[in-house]
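Asker: Sharing a structure here in structure tokens format.
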Amino acid sequence: MNIHDIVSTGSKATRDGYGEGIYEAGKRNKEVIAMAADLLGSLKLEQFIEAFPDRFVQMGISEANMMGVAAGLATAGKIPFTGTFANFSTGRVYDQIRQSIAYSGKNVKICASHAGLTLGEDGATHQILEDIGMMRMLPGMTVICPVDANQTKQAVLALVDHVGPAYLRFGRPNWPVFTGADTPFVIGKADRLGSGTDVSIFATGLMVWNAVEAAKALEDQGVSVDVISVPTVKPLDEAMILDSLSKTRCAVVCEEHQINGGLCDAIAHVAVKNQPCPMEFVAVKDSFGESGKPMELLKKYGLDVDNIVRAAQNVIKRK
Amino acid sequence: MKEKVTDIDQLKQIASQVRRDILRMVYFASSGHPGGSLGCTDMMTALYFRVMNQSDNFEMNAKGQDAFFMSNGHISPVLYSVLARRGYFPLEELSTFRKINSRLQGHPTTHEGLPGIRVATGSLGQGFSVGVGMALAKKMDNDPGFVHVSTGDGELQEGQIWEAAMFAPFHKLDNLIVTVDWNGQQIDGPNDKILSLGDLEGKWRTFGWRVVVTDGNDMASIVHALEEARTHRGTEIPTVILMRTNMGQGVDFMMGTNAWHGKAPNMEQTEKGLAQLKETLGDYVYNENYQAPHLKH
């Protein structure tokens, strides 16, 4: 397994993958309902709406009501997929999700676009960096951050068959596509993209591609890198994480999220309990974002490829 | 389907027993919300014993039948009593209200698997949206069932209520009937001193609802209002029933004040209250060692 075999086959936004996935899901299961809170275009719902107009629910700008209505639809046996930006999908409606969906055990899929810094120019009001943490704290909540457009589509299809509340986090920008168009998504499974022994790099969401690029640069310097894609943040694939740490005995964790609460904490928890080792974290360091282009923001906030390379070099020295 | 009780006097008898259950549950738990529970007892008795079509065994998805959502989840004692009296679970289980390892949590929940509950409520303003969601699903499925929702009046201060209130008429949910417990009281005092609801009838009307004002503590009036609301299916307009109620109805020292919103009576007060309420169906047997079946934990 060579990291250089992981190549981009094109560029596409993960939200495009969502649009394709929800359309396909609608074809496969007549109980699937797509919802939007005045952002159907941003979530690429046009194809679904054209094919299944009676199974699309336009909520208007009322996210709290959307979460409750979704819980009611699920109670009646529907499979609702809520849709709005990640900020309005989580932080704005946390108590609605907590009580009406998570605690009530409702089969609602909370689908969140425009997550993280790469939302770009809209700035910090919209760039939620706390959502993974909030959602993974809820008992019974599945949390998925797909790595590219193909995987987002496949994750939607996997969620149709998964019974229980789930959070699906994806983004706005065009981003390299490198997973197979028809590779089924398995909830709770991490993927080894490159095999190595000097350092583990764990990443989720869009940061997986940056991890791949960083691993390629490190391999070119003679560093042997174990690259693990972790699209499911909860439930976490602990077996894969420990298998990797047992080989490398040090790790870098990367996510487009606050350094607190998300994948960094989740993996550190597993490591501390089972296999303590030096770790470095490539994530936003307890700050809000700002307006800018996605790549400018990733660089400024320490989430670009060079940051991952340096973090790997540093953590190896600490072994 | 469960058999219905049509006789108004018989419904009044049941309501008297439900009020006794409420007092005893809150007394034995040393906590809970007797005021709103007593005020909504007539409506809840009418709904569960006469108005709603309910399958013999509880079905979460409520297909082909009616469903009820208690958005004002703090008045759980009246819901638990009515459900137990209607055969959803053993009467004796009322003994476990608010105790450790109980399916009768302080606020209603699906989490412990209590038959009759379809969503957790308690954080206010949310159960209404969930009821709207089920009414929407029933419309999509051409299901004949109605969805009934109860809210408090103080609860109407929550913003989410008005998101749902805007949504339901726009989506023509004439299978949705909401009752508001309009007792004018909330924890900190009268609505008018805390945050006035203003022209409540006018508010609902301008949101597109059919508005009915009725005496929520007169059995014949509330039965009529609920059943009349169900004749408006086909009009594409949802109905809200603003029930004029007394917080603490049936127990003189609990009425007309917010003092008993969330406070349990002591033994002497409980006995004084019970003396005002006729035991019509037999009190449940209080068993502090009762073990609830099928706990999820």
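Asker: Measure up A:Lys12/A:Lys109; A:Lys216/A:Lys299; A:Lys106/A:Lys189; B:Lys2/B:Lys138; A:Lys189/B:Lys63 against 25 Å on the Cα-Cα distance and list the ones that go over. Could you put the intermediate results ahead of the total?
Answerer: Working: A:Lys12/A:Lys109 23 Å; A:Lys216/A:Lys299 18 Å; A:Lys106/A:Lys189 23 Å; B:Lys2/B:Lys138 20 Å; A:Lys189/B:Lys63 36 Å.
Table pairs above 25 Å Cα-Cα are A:Lys189/B:Lys63.
Asker: Once amide H atoms are placed 1.01 Å from N in the peptide plane, what residues at a sequence separation of 5 or more from B:Gly248, or on another chain, have their amide H within under 5 Å of its amide H?
Answerer: B:Gly36, B:Leu38, B:Gly39
Asker: Where only protein heavy atoms count, and the probe is 1.4 Å, what is the accessible area per residue for chain A in Å²?
Answerer: With the other protein chains kept in place, chain A gives 35 Å² per residue.
Asker: Could you work out the local net charge near B:Ile194, counting Lys and Arg as +1, Asp and Glu as -1, over the other residues with Cβ closer than 15 Å to its Cβ?
Answerer: Working: positive: B:Lys193; negative: B:Asp153, B:Glu155, B:Glu158, B:Asp188, B:Asp192.
Local net charge: -4.
Asker: Give the relative contact order (percent, whole number) for the stretch B:8-274; include only Cα pairs under 8 Å separated by 6+ residues.
Answerer: Values: 536 pairs, mean separation 67.3, N = 267.
Across the stretch B:8-274, relative contact order equals 25 percent.
Asker: Then there's this: In whole percent, what relative contact order does chain A give with Cα contacts below 8 Å and a gap of six or more residues? Present the calculation step by step, with values, prior to reporting the outcome.
Answerer: Details: 784 pairs, mean separation 59.2, N = 319.
Worked out over chain A, it gives 19 percent.
Asker: In the stretch A:43-68, which residues become less accessible by 10 Å² or more once every protein chain is in place, relative to the chain on its own, using a 1.4 Å probe?
Answerer: A:Asp54, A:Val57, A:Gln58, A:Met59, A:Ser62, A:Ala64, A:Asn65, A:Gly68
Asker: Related question: In the Gaussian network model of chain B, springs joining C-alpha atoms below 10 Å, which of B:Lys63, B:Lys193, B:Lys272 carries the largest mean-square fluctuation?
Answerer: Of the options given, B:Lys193 has the highest mean-square fluctuation.
Asker: Using θ = phi - 60° and the Karplus form 6.51 cos²θ - 1.76 cosθ + 1.60, what ³J(HN,Hα) does each residue of the stretch B:255-261 get, whole Hz, x for Gly and Pro?
Answerer: Each residue's phi maps through the Karplus curve to give 8, x, 8, 8, 4, 9, 4 Hz.
Asker: Once the other residues with Cβ under 12 Å from the Cβ of B:Thr245 are scored (Lys, Arg +1; Asp, Glu -1), what is the net sum? Intermediate values should be presented prior to the final figure.
Answerer: Details: positive: B:Arg244; negative: B:Asp42, B:Asp153, B:Asp181, B:Asp215, B:Asp218.
Local net charge: -4.
Asker: What FRET efficiency, computed as 1/(1 + (r/R0)^6) with R0 = 60 Å and r the Cβ-Cβ distance, is obtained for B:Ile237 and B:Tyr290, rounded to the nearest 0.05? Don't jump to the answer; show the numbers that get you there.
Answerer: On the way: r = 45 Å, r/R0 = 0.75.
Result of the calculation: an efficiency of 0.85.
Asker: Tabulate in residue order the Karplus-calculated ³J(HN,Hα) for the stretch A:277-289, using 6.51 cos²θ - 1.76 cosθ + 1.60 with θ = phi - 60°, rounded to whole Hz; enter x for Gly and Pro.
Answerer: Residue by residue, the stretch A:277-289 yields 6, x, 9, 10, 10, 9, 7, 6, 8, 6, 9, 7, x Hz.
Asker: When the Karplus curve 6.51 cos²θ - 1.76 cosθ + 1.60 is applied with θ = phi - 60°, which whole-Hz ³J(HN,Hα) does each residue of the stretch B:90-106 get, with x for Gly and Pro?
Answerer: Going residue by residue, I get x, 3, 4, 5, 4, 4, 8, 3, 6, 9, 5, 6, 10, 7, 9, 5, x Hz, with x marking Gly and Pro.
Asker: Only protein chains counted, 1.4 angstrom probe. Which residues of the stretch A:94-125 are at least 30 Å² less accessible in the assembly than when their chain is isolated?
Answerer: Listed in order, they are A:Asp95, A:Gln96, A:Gln99, A:Ser100, A:Tyr103, A:Ser104, A:Lys106.
Asker: GNM, chain B, Cα, under 10 Å: largest mean-square fluctuation among B:Val285, B:Val213, B:Val147?
Answerer: With Cα springs under 10 Å in chain B, the top fluctuation among B:Val285, B:Val213, B:Val147 is at B:Val285.
Asker: Remind me, relative contact order of the stretch B:93-172 in percent, using alpha carbon pairs under 8 angstrom and six or more residues apart? List each step's numbers first, then the result.
Answerer: Working: 73 pairs, mean separation 16.5, N = 80.
Relative contact order comes out at 21 percent.
Asker: Would you tally the net charge around B:Phe97, using a Cβ to Cβ cut-off of less than 13 Å, leaving B:Phe97 out, and scoring K and R as +1, D and E as -1? It would help to have the intermediate numbers written out before the result.
Answerer: Details: positive: B:Arg24, B:Arg98, B:Lys99, B:Arg103; negative: B:Asp21, B:Glu92, B:Glu93, B:Glu112, B:Glu288.
Around B:Phe97, the charge tally is -1.
Asker: Leaving out ligands and nucleic acids, and using a 1.4 Å probe, what accessible area per residue does the stretch B:156-244 come to in Å²? List each step's numbers first, then the result.
Answerer: Working: 3810 Å² over 89 residues.
Counting only protein heavy atoms, the per-residue value for the stretch B:156-244 is 43 Å².
Asker: Also: Which value, in square angstrom to the nearest 100, describes the accessible area buried between chains B and A on both sides, using a 1.4 angstrom probe? The partial results should precede the final answer.
Answerer: Numbers: alone 12160 and 12270 Å², together 22350 Å².
Counting protein atoms only, the buried area is about 2100 Å².
Asker: Pop the C-beta distance of B:Asn53 and B:Ile100 into the FRET formula with R0 = 45 Å and round what comes out to the nearest 0.05. Intermediate results must be reported in sequence, preceding the final value.
Answerer: Values: r = 35 Å, r/R0 = 0.79.
Taking R0 as 45 Å, the efficiency between B:Asn53 and B:Ile100 is 0.80.
Asker: For chain A, modelled as a GNM with alpha-carbon contacts under 10 angstrom, which of A:Val282, A:Val163, A:Val253 fluctuates the most?
Answerer: A:Val163
Asker: A follow-up question, please. Once neighbouring chains are kept in place and the probe is 1.4 Å, which whole percent of the accessible area of the protein assembly as shown is contributed by carbon and sulfur?
Answerer: Values: 11030 of 22350 Å².
On the protein assembly as shown, the fraction of accessible area on carbon and sulfur atoms equals 49 percent.
Asker: In terms of modelled amide H atoms, which long-range or inter-chain residues lie less than 5 Å from the amide H of B:Val178?
Answerer: B:Val149, B:Thr239, B:Val240, B:Ile241
Asker: If amide hydrogens are placed 1.01 Å from N in the peptide plane, which non-local residues have theirs closer than 5 Å to the one on B:Gln185?
Answerer: Residues meeting the amide H criterion: B:Asn191.
Asker: Hey, another quick one. Rounded to the nearest 0.05, what FRET efficiency do A:Asp161 and B:Asp141 give with R0 = 22 Å and r taken as the Cβ-Cβ distance? Could you check?
Answerer: Efficiency, rounded to the nearest 0.05: 0.55.
The values are calculated or read from the model by the stated rules, or taken from the named source; none is laboratory data. What you see is a predicted model; the values in this text were computed from it and never measured. Don't worry about glycine lacking a Cβ; one is built from the backbone with ideal geometry, like all the others, and counts go over all protein chains shown. The area values use the complete protein model at the heavy-atom level, side chains included, leaving out ligands, DNA and RNA. Shrake-Rupley method; radii C 1.70, N 1.55, O 1.52, S 1.80 Å.
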